[in-house]
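Just below is one structure, and these are the notes that go with it.
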Amino acid sequence: MERVSGPVLGLESSCDETAAAVLAPDGTILAEALLTQLAEHARFGGVVPEVAARSHLVHLPLLAERVLEQAGVAPAALGGVAATSGPGLIGGLVVGASLGKGIALAHGLPFVAVNHLEAHALTPRLPGLLPEAPAFPYLLLLLSGGHCQCVAVEGLGRYRRLGTTLDDAVGEAFDKAAKLLGLPWPGGPHLERLAAAGDPRRIPLPRPLLGREGCDFSFSGLKTAVAHAVTKLTDEAGKADIAAAFQASVSAVMADRARHALAMMTGATALVVSGGVAANGGVRTALAGVAEAAGLPLIAPPIRLCTDNAVMVAWAGIERLRAGLADPVDHAPRPRWPLAELAGPDAEAA
Ligand code: KG4
Ligand code: ZN
């Protein structure tokens, strides 16, 4: 393991969160800052890539400056710069990666082009988060607005995608169902609140792929069923019942897929859930049941580290720098960058 010579600056700009963080070489968080662009995109009902890129361009350099100041670290004293370089919206990736490379070049620092999915995958290993970091391998369920995957995390740079969505990501499904119910975007949290007042059994909804082999997901049929149920509503109260049935359906499917994913791995030490949908109580309870039945801990990082953030990017940078895996500054950001294409220390040595 190589020594990281100073604190690491992490930059995140792959979607609609602008974030910067400084972590000490041992992973202690020295400073973190995050700006969400929700308000800028809300009137469009979704993330507009050009709006996102321009906003990152305005805010990211200021956030980077602010966290360095808060951490009391001069750029020249950094041990490295880590910037999300994919997958994501290319405009934002270019902004973050270019800023990161600029700082690294100006001060002769190593640069790490971080894969955003790897950053989510390594978050539970962040020191101080849990009494003990989960040992490899563990199962990661990445459940966000853009991603919906079951991943076997076998080591740094070693990931096996066991299953993914055939259509919408689960957060996207929540947002679309919420929109059909007349709720504001992003609808996941609103739908959860509405569901609390409903009866999940009054208007049953399908549970796509439940019991099917493997651990893929599909949500488009469920969305269509919600649309159909909404047209047949005779009273406002029925909306809560649809929300409750939707959440129950997603939770049941999630538990089933997680069970299958665990069966596709050997020696999993934990079930880790991350992404914005990890905030959902119904989904968490369902996954807790699966973990308990398998005799494994369910690890859900605090929500601010589950959703997009720069702490996880800096941490992934530290893990990679420790393994001697810095990247050249001509590394090109990649809008598509599957986890399977990453290399770990072993592959590097081979
Ligand atoms: O990880 P995340 O913040 O970022 C992106 O995917 O960009 O995930 C956002 C997604 C949205 O689709 C949002 O509706 C969903 O997570 N979400 C929830 C809840 N909180 C956020 N879905 C269901 N229940 C929640 N409580
Ligand atoms: Zn993310």
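Does segment 331-338 contain any residue that is part of a loop (DSSP other than H, G, I, E, B) and either among the basic types (Lys, Arg) or in contact with a Cys (Cβ under 9 Å, 6 or more places away or on another chain) (or both)? Looking for residues that are part of a loop (DSSP other than H, G, I, E, B) and either among the basic types (Lys, Arg) or in contact with a Cys (Cβ under 9 Å, 6 or more places away or on another chain) (or both), one finds at least one in segment 331-338, hence yes. Hey, among the residues in segment 263-295 that are aliphatic (A, V, I, L, M) and free of Cβ contacts under 8 Å to residues at least 60 places away in the same chain, which one's surrounded by the fewest Cβ atoms within 10 Å (Cβ to Cβ)? The qualifying residue surrounded by the fewest Cβ atoms within 10 Å (Cβ to Cβ) is Ala293. Being of a type outside the set (Lys, Arg), out of contact with any Cys (no Cβ under 7 Å at 6 or more places or on another chain) and part of a loop (DSSP other than H, G, I, E, B) holds for only one residue in Val95, Val73, Val81, Val67, and it is Val73. Evaluating Tyr159 against the criteria (1) surrounded by fewer than 24 Cβ atoms within 10 Å (Cβ to Cβ); (2) more than 16 Å from ligand 1 (Cβ to nearest atom) leaves one unmet condition, (1). Listed by first and then second residue, the pairs linking a residue in segment 119-142 that is free of Cβ contacts under 8 Å to residues at least 24 places away in the same chain to a residue that is part of a helix (DSSP H, G or I) and surrounded by 20 or more Cβ atoms within 10 Å (Cβ to Cβ), with Cβ atoms under 6 Å apart and 6 or more places separating them unless they lie on different chains, are Ala133/Arg125.
Of the residues making up segment 190-214, those that are closer than 20 Å to Gly276 by Cβ and surrounded by 15 or more Cβ atoms within 10 Å (Cβ to Cβ) number 5.
Within the set Ala77, Ala52, Ala71, the sole residue that is buried (at least 16 other Cβ atoms within 10 Å of the Cβ), over 23 Å from the mean Cα position of the chain (by Cα) and in contact (Cβ under 8 Å) with a residue 12 or more places away in the chain turns out to be Ala71. Considering only segment 99-133, state which residues are in a helix (DSSP H, G or I) and within 16 Å of ligand 2 (Cβ to nearest atom). If the condition is that a residue be in a helix (DSSP H, G or I) and within 16 Å of ligand 2 (Cβ to nearest atom), then His116, Leu117, Glu118, Ala119, His120, Ala121, Leu122, Thr123, Pro124 are the ones that fit. Taking segment 259-306 as the range and being of a type in the set (Gly, Ala, Ser) and either assigned to a loop (DSSP other than H, G, I, E, B) or more than 16 Å from ligand 1 (Cβ to nearest atom) (or both) as the test, the residues that pass are Ala261, Ala263, Gly267, Ala268, Ala270, Gly275, Gly289, Ala291, Ala293, Ala294, Gly295, Ala300. Looking at Ala293, Ala268, Ala300, Ala263, just one residue is touching a strand residue (DSSP E or B) at 6+ places or on another chain (Cβ under 9 Å) and more than 16 Å from ligand 2 (Cβ to nearest atom), and that residue is Ala268. Per this entry, Val230 is counted among residues that are out of contact with any His (no Cβ under 6 Å at 6 or more places or on another chain), outside any loop (DSSP other than H, G, I, E, B) and more than 16 Å from ligand 2 (Cβ to nearest atom). Only residues that are in contact with a helix residue (DSSP H, G or I) (Cβ under 7 Å, 6 or more places away or on another chain) and away from ligand 2 (no atom under 16 Å from the Cβ) were counted in segment 134-151, giving 2.
The residues on offer are Ala74, Ala21, Ala39, and the sole one that is away from ligand 2 (no atom under 16 Å from the Cβ) and in contact with a helix residue (DSSP H, G or I) (Cβ under 9 Å, 6 or more places away or on another chain) is Ala74. Within segment 169-195, the set of residues being in a loop (DSSP other than H, G, I, E, B), away from ligand 2 (no atom under 16 Å from the Cβ) and touching a residue at least 40 places away in the same chain (Cβ under 8 Å) comprises Leu181, Gly182, Pro184, Trp185.
Of the residues making up segment 8-42, those that are among the β-branched types (Val, Ile, Thr) and more than 15 Å from the chain's Cα centre (by Cα) are Val8, Val22, Thr28, Ile29.
No value in this document is a laboratory result; all are computed from the given coordinates. Since we're looking at a predicted model, the values are computed, not measured. Every residue, glycine as well, gets a Cβ built from its backbone with ideal geometry; the counts of neighbours run over all protein chains shown.
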